[in-house]
Amino acid sequence: MQNAIDLLKSHKLRKTPGRIDILEEFMENNFALSHRDIENSLGNKYDRVTLYRIMSGFEECGLIHRVFDGESAIKYALCSTDCDSGHHHDEHIHFLCDKCGKTYCLNFELPEIVLPKSYQLQELNVLAKGICENCKK
Ligand SMILES: [Zn+2]
Ligand SMILES: [Zn+2]
Ligand SMILES: [Zn+2]
């Protein structure tokens, strides 16, 4: 696995302590994180505005993607390697665990759906719910 510094470099981002710390949070957790989660772990080192700014920069350059899980807070997860600036390719299923409330990226392709002829698909989000592997133990 790449380290945070290489990952920043490959997305043409200058390495700053804030960027490295946030990226490491995403690399260390296999579930999606909200602004609040990041604030809870790094809020004593950086102010909220800095954290928000870095995260929206990460989203723009293809490092993290939004995870729609129906919860009120927006969550983000680390992107696959094919994501790039302005182009996200995170076409996979998200899984929300009923027990721990964590949302995971599952490496499964989205099912194909057929829309009525006059509708044009631009984006598809598929959310599965259930009990995750950690809670099932
Ligand atoms: Zn992405
Ligand atoms: Zn769980
Ligand atoms: Zn995902």
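Summary of values
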read-out: All positions within segment 28-53 that are closer than 19 Å to Gly101 by Cα and of a type outside the set (Ser, Thr, Tyr); value: Glu28, Asn29, Asn30, Phe31, Ala32, Leu33, His35, Arg36, Asp37, Ile38, Glu39, Asn40
read-out: Enumeration of residues in segment 96-106 that are surrounded by 11 or more Cβ atoms within 10 Å (Cβ to Cβ) and out of contact with any Ser or Thr (no Cβ under 7 Å at 6 or more places or on another chain); value: Cys97, Lys99, Cys100, Gly101, Lys102, Thr103, Tyr104, Cys105, Leu106
read-out: Qualifying residue in segment 54-69 (condition: open to solvent by 60 Å² or more (accessible area, probe 1.4 Å) and within 16 Å of ligand 3 (Cβ to nearest atom)); value: yes
read-out: Filtered residue count, segment 107-137, keeping only those that are open to solvent by 100 Å² or more (accessible area, probe 1.4 Å) and either in contact (Cβ under 8 Å) with a residue 12 or more places away in the chain or among the aliphatic types (A, V, I, L, M) (or both); value: 5
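Every residue, every condition in (1) in contact with a His (Cβ under 8 Å, 6 or more places away or on another chain); (2) closer than 20 Å to His35 by Cα, yes or no:
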site: Leu63; (1), (2): yes, yes
site: Arg66; (1), (2): no, yes
site: Gly70; (1), (2): no, yes
site: Ala77; (1), (2): yes, yes
site: Glu91; (1), (2): no, no
site: Leu106; (1), (2): yes, no
site: Pro116; (1), (2): no, no
site: Leu121; (1), (2): no, no
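The values are calculated or read from the model by the stated rules, or taken from the named source; none is laboratory data. Note that the structure is a prediction, hence the values are computed from the model and not measured. We place every Cβ from the backbone using ideal geometry, glycine too, and count neighbours over all the protein chains shown. Ligands, DNA and RNA are stripped out before the accessible areas are found, and what is left, the full protein with its side chains, is counted by its heavy atoms. Shrake-Rupley method; radii C 1.70, N 1.55, O 1.52, S 1.80 Å.
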